[in-house]
Each structure stands twice: as structure tokens, then as C-alpha cells.
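Heads up, the thing below is written out as C-alpha cells.
The values are calculated or read from the model by the stated rules, or taken from the named source; none is laboratory data. Worth saying up front: this structure is predicted, and the values here are computed from it rather than measured. Because the Cβ atoms are built from the backbone with ideal geometry, glycine has one as well, and the counts that use them run over all protein chains shown. To get the accessible areas, we keep the full protein, side chains included, count just its heavy atoms, and leave off ligands, DNA and RNA. Shrake-Rupley method; radii C 1.70, N 1.55, O 1.52, S 1.80 Å.
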Amino acid sequence: MARNMTECELALGCLFSVYMEKQGDDGKLCKTAFLELLNEQIPSFKAGGKDIGDEIFQGVDFNQDGAVDFKEFAMMIAGFASMNFDALQNVMKEAKKKK
């Protein structure tokens, strides 16, 4: 019998699903797939209308192999969440008020 997943487990599953939709046969995101994912799922990475996707790709591709694996992607997401904690917390508080 399957148990209900927690919100955190669902969020992690969603994160992995988004990654899997773009990954190549090698299980990694090529630069084009990474930039598509960034534009579709995290458009706030565009700083003041300036597209900084190439710069982000270079910073996330820690091993400089020209692709982003899931570990590199997850570290980027963790960094984004950490750097934007206050803003994310305010968004969640407002969402709770509307319920």
C-alpha cells in the first residue's frame, strides 16, 4: 500500500521531473536544455531584463564538462533558495493568507 507523500517529497519530485524533461540521453542538461529550463521555470534569473543564462550556466557547470548534471542543478536551486529566502518566505506567507 502506497503512503501519501509529504509536501517536501512532492516538491523534490517536481524538481526532479522538471530536470528529467530536459535531460539528454546522458542524464545531463546540455547548455541549450539548461537555458530552456531556466527561461521556462525560473525566469527571475533574468536580471533587470538582461539575459544572464550563459553566465549562470558557466557558474553552475562546476566540472566544466559543458553540461549540467542533477547534482550541479540541485546545488544551483539550493543556492537560489538560500539567496532569496526572505522574498520566498514573503511569497509563501501571502499565499497562506489567501487560503
Checked ASP26, ASP54 against criteria (touching a residue at least 24 places away in the same chain (Cβ under 8 Å) and farther than 19 Å from LEU88 by Cβ); the one match is ASP26
Subset of the range 13-38 [out of contact with any helix residue (DSSP H, G or I) (no Cβ under 7 Å at 6 or more places or on another chain) and aliphatic (A, V, I, L, M)]: MET20
In the range 33-59, how many are over 11 Å from the mean Cα position of the chain (by Cα), closer than 19 Å to SER17 by Cβ and open to solvent by less than 40 Å² (accessible area, probe 1.4 Å)? 1
Does at least one position in the range 70-80 carry a residue that is of a type in the set (Gly, Ala, Ser), touching a residue at least 12 places away in the same chain (Cβ under 8 Å) and either within 26 Å of MET20 (Cβ to Cβ) or open to solvent by 60 Å² or more (accessible area, probe 1.4 Å) (or both)? yes
For GLY27, are the conditions met, namely being surrounded by 10 or more Cβ atoms within 10 Å (Cβ to Cβ), on the phi > 0 side of the Ramachandran plot and either modelled with pLDDT of 95 or more or assigned to a helix (DSSP H, G or I) (or both)? yes
